[in-house]
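What follows is a single structure, written as structure tokens, with notes after it.
The values are calculated or read from the model by the stated rules, or taken from the named source; none is laboratory data. Note that this is a predicted model, so its numbers are computed, not measured. Every residue, glycine as well, gets a Cβ built from its backbone with ideal geometry; the counts of neighbours run over all protein chains shown. Side chains included, ligands, DNA and RNA excluded: accessible areas come from the protein's heavy atoms. Shrake-Rupley method; radii C 1.70, N 1.55, O 1.52, S 1.80 Å.
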Amino acid sequence: MAAPVLYARLVASFPAGVAPAAVDAVIELARALGAELQAVLLEDVATLALAELPSPRAFDQRVSLWRDVPRADLLRELELASAGLRRRLEAASRAGLHAQVTEIRGGPAAVLGQVAQAGDLLVVSEPSDPMARWVQPFTGLLDAALAAPAALLYLPHQGARSSGPIAACGSGVQGELARGLAQALHAPCIDAAAGEPSGRLRALRELLPDLHARRVRVVVCERAALGAHPQRALQEAGDGRLAVLLAPAKEAG
């Protein structure tokens, strides 16, 4: 196996409703980086709690109505989602990727504390359901990941674009990461802040129109570039299939 590029291990958390494209994107990234993949399957605690109610109901977006959902159906949906995810990861393992799967129930901080190590690349994939991106457990997981010192990749629910340049938003660590990632993905590397006064930090949301127009695949920046509303900035990037790689916090050394 080739020596790892940038990171020896990816720790990727997958919600129950993760889109197959996002899973495939993580698998391909692990292959490109020559990294081990530690996949964390997050149990849908909210749905499990709903299933325990005497008469569980769910909102059907197709007809904008609440409908009764038999407990057996809820549990079957969870089992099917988990089984499908496991099949994809097992197929990747048979194809040569070193992948491990862990299923965890608990708070986001507990999830990261149990599996993440210094030097890992954390990967957070958006749920395919837009509403699920604004509620627990996803918001708690994202907050915990943003607070962790490790590098963090925010992956759109459709997966990042399969082609396009890697952009660096800033110099130093961001530039090094962008160049290393571009080399691993056989993609060009560009400076997203070219022409800006030295030392001026531009917010990611300011750069999005240009990044989307140039069909950038991944932008590398620091957490401060997300501004006062990090989740909103990340989701606006994801709406255009732009993945965001946040460099390790300075405290991480």
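Check off (1) without any contact (Cβ under 8 Å) to a residue 24 or more places away in the chain; (2) assigned to a helix (DSSP H, G or I) for A233 and give me the number that stays unchecked.
(1)
Would you pick out the residues in region 156-167 that are at pLDDT below 95 and among the aliphatic types (A, V, I, L, M)?
Hit for region 156-167 is A160, nothing else.
Filter region 10-29 for residues that are open to solvent by less than 20 Å² (accessible area, probe 1.4 Å), assigned to a helix (DSSP H, G or I) and in contact with a helix residue (DSSP H, G or I) (Cβ under 8 Å, 6 or more places away or on another chain); which is nearest to A184 (Cα to Cα)?
Among residues in region 10-29 that are open to solvent by less than 20 Å² (accessible area, probe 1.4 Å), assigned to a helix (DSSP H, G or I) and in contact with a helix residue (DSSP H, G or I) (Cβ under 8 Å, 6 or more places away or on another chain), the one nearest to A184 (Cα to Cα) is I27.
For region 126-179, which residues satisfy the criterion of being touching a helix residue (DSSP H, G or I) at 6+ places or on another chain (Cβ under 8 Å), among the charged types (D, E, K, R) and in a loop (DSSP other than H, G, I, E, B)?
Correct list: E126 only.
Do you know which of the residues in region 20-55 that are under 19 Å from R87 (Cβ atoms) and of a type in the set (V, I, T) is modelled with the lowest pLDDT?
Out of the qualifying residues, it is V40.
What residue, among those in region 183-230 that are open to solvent by 40 Å² or more (accessible area, probe 1.4 Å) and in contact with a Cys (Cβ under 9 Å, 6 or more places away or on another chain), is modelled with the lowest pLDDT?
L201
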